[in-house]
Amino acid sequence: MTSRERVRNALDHRQPDRVPVDFGGTFETGIAVSTVYYLRQAYGLGGPDDRVKVIEPYQMLGEIQNDLRDVMGVDTTALYNTGNAFGFTNSDWKEWTTFDGAKVLVPGLFNTE
């Protein structure tokens with residue numbers, strides 16, 4: 001059964017082959033960027049200097065890329081707008097490091113003191 005069929009069956013109240021998995025398909029099911037970074041390291045996806053994009057800076061949610069989605073068996077994918085909850089676009093990415101040492105990319109207009 002494909003991921004699409006699995007999700008549709010569940011939404012239609014029909015029995016899928018297994019419970020559909022959704023990590024990062026919506027803002028409600030998103031994963032903290034630090035967790036995404038460390039999951040990628042744990043699964044050996046990329047090197048320690050690879051950075052994860054912060055796709056929603058208000059919640060600090062990380063982008064779930066296809067390689068991580070595949071290894072975790074995720075059935076959904078996100079379709080995000082270019083904007084974010086702060087009202088600026090996710091563009092002009094710049095390097096940043098979280099409080100716990102995760103290396104990430106934040107939108108250019110994301111600034112902290």
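Side notes on the structure shown:
- Other-chain or far-sequence residues with amide H under 5 Å of VAL52's (modelled H): VAL104, LEU105
- Interchain or long-range residues, amide H under 5 Å from LYS94's placed H: VAL106, GLY108
- Percent antiparallel among DSSP beta bridges (both partners in the chain, rounded to 5): 80
- Label of the coordinate-derived value, percent of Cα pairs over 19 Å apart, listed as (1) 53; (2) 60; (3) 49: (3)
- Accessible area of the chain divided out per residue, in Å², using a probe of 1.4 angstrom: 63
- 5 angstrom amide H check on THR29, placed H, neighbours 5+ away: GLY24
- At full extension, ARG18 and ASN81 could sit 19.7 nm farther apart than now, given 0.36 nm per residue minus the alpha carbon distance.
- Overall, the ratio between the Cα radius of gyration of the range 13-71 and 2.2 N^0.38 Å, rounded to two decimals, is 1.25.
- Label-point gap, in nm, between ASP67 and ALA32 - each point 7 angstrom along Cα→Cβ: 2.4
- Per residue Cα convex hull volume in Å³ - calculated over the range 53-106: 99
- Near-label residues of the range 46-76 by backbone N, under 20 Å of a point 7 Å along Cα→Cβ of PHE88: 52-63
- Expressed as a whole percent, the accessible area of the chain that falls on carbon and sulfur atoms is 52 (1.4 Å probe).
- Applying the Karplus relation 6.51 cos²θ - 1.76 cosθ + 1.60 with θ = phi - 60° to the range 52-60 yields 3J(HN,Hα) values of 9, 6, 8, 7, 9, x, 5, 9, 6 Hz, where x marks Gly and Pro.
The values are calculated or read from the model by the stated rules, or taken from the named source; none is laboratory data. The structure displayed is predicted, hence computed values, not measured ones. Cβ sites come from the backbone with ideal geometry, for glycine too, and all protein chains shown count toward neighbours. Please note that ligands, DNA and RNA were not included when accessible areas were found on the heavy atoms of the full protein model with its side chains. Shrake-Rupley method; radii C 1.70, N 1.55, O 1.52, S 1.80 Å.
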